[in-house]
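What follows is calculated from the coordinates using simple rules that are stated; it is not laboratory data. Remember, predicted model here, so these are calculated numbers, not experimental data. With ideal geometry, Cβ positions are generated from the backbone for all residues, glycine too; neighbour counts draw on all protein chains shown.
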Amino acid sequence: MNKREIEIEENFENHSHHSHNSHHKHTHKKKHTTRNIIIVLICFILVVCIGGAALVNNVLNKIEFEESLQINPDFEDSIELPDEYNYAEKEAEENFHNKGVYFQENVTNYLICGIDRGDSKMYYPRSDTMMILSVNNNDNTVRLASLSRAVYVKIKDHKSTRLNAAYAYGGPQLLIDTIENNYKIKIDRYISIDFEAFKKIVDIFDGIDIYLTDKEALGVRKSLNSAKVYSSFTYKGAGTYHLDGESALMFARLRYIDSDRERTGRQRKVVKAIFENVKSLTLSQGIEIIDELLPCVTTNLTKTEILSQSTKITKYLSWNIEETVIPDKSSDLINVDNSDVLLVDWEETINYSKSFFYPDF
């Protein structure tokens, strides 16, 4: 333990990996950004900002503090890698069994999940969006890291597969365990938000304006047609679109036109547009958002913790905000049975994660 009071839960043994991937440096971290916070985060913070310390018990009761979903016993999502990628499975296993989780006093990490329950309201779905919100009271910085859903990981008591399967296998707790076992970063609390709330919030603001490339606009149109949902969206090639809730959600979730890395960038564009509307939020809009959003939130934060954190939101929003995507470098992206799978160098990924969340380590 050094003077900065950094602690490690267990003795963390570094292990070396031979890199099999061709990595290309890609910068994703920005300092002093505008509030480009991913959609599930901004929704939750928005509610707390509106309610503040005045949130009363009957309002908080709209939040789901106990999980109502169940594990689907028939769910199976294992990934059988081609023989030439057997090394990735071996490295994932070795990394999983290398015990130790980094944490630091005065740093709290929240796992934020965006989920789509779809037609099933009974079973845990795959997590569609995953990010870690880190509140660092040592350097007065909020750090936000999007986790790629396609990363090939080891999940306890299950075969190795993509990260987003952990939520379906065992809900938020298994996803937390999977992140800690693979990325070696401690997760303190989680917040899960159904994407249905996101659509409603965009519509409360009467839509948002975002520039779409021709490929993105075509993707939104095809997604809307495939889902057979009503939207005011009309394809007109590349340009600025006024997106309603349905089309904004389709834009944020586009996944087949490029990569998951670009997808997280689209999500941040949506959030930035929403935040611009938040600046002129009316009281009636705020009340409506609370009514629409809170029933779609599940968390293991207690009511006391929510009230306590709500008094600090203004302080947090004045802090520096840094954001990134993990892994921070391009990695081998392969397709297995029509699913994109991202193979990472775990030594590099863990070292980068540690340096991002605990920069003074």
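List of remarks:
- Based on Cα contacts under 8 Å between residues 6+ apart, segment 131-255 shows a relative contact order of 17 percent.
- Sparse-neighbour loop sites [trypsin sites (Lys or Arg not before Pro); segment 86-125; at most 15 other C-beta within 10 Å; DSSP]: 99, 117, 121
- Gyration tensor verdict on segment 184-318 (Cα atoms; rounded if a/c is under 1.5, prolate if a/b is larger than b/c, oblate otherwise): prolate
- Segment 216-295: chymotrypsin sites (Phe, Trp or Tyr not before Pro) in DSSP loop, at most 12 other beta carbons within 10 Å: 230, 256
- Measuring against 29 Å, Cα to Cα, the residue pairs 159/329; 156/329; 154/315; 272/315; 159/186; 156/269 contain 154/315; 156/269 as the ones spanning a longer distance.
- Gap separating the Cα centres of segment 252-282 and segment 120-153, nearest whole Å: 15
- The overall shape of segment 49-168, judged from the alpha-carbon gyration tensor, is oblate: a/c is not under 1.5, and a/b is no greater than b/c.
- For segment 343-359 and segment 172-195, distance of Cα centres in Å: 16
- Rounded to the nearest 20, the size of the Cβ-charge dipole of segment 188-243 about its Cα centre is 280 debye, with Lys and Arg at +1 and Asp and Glu at -1.
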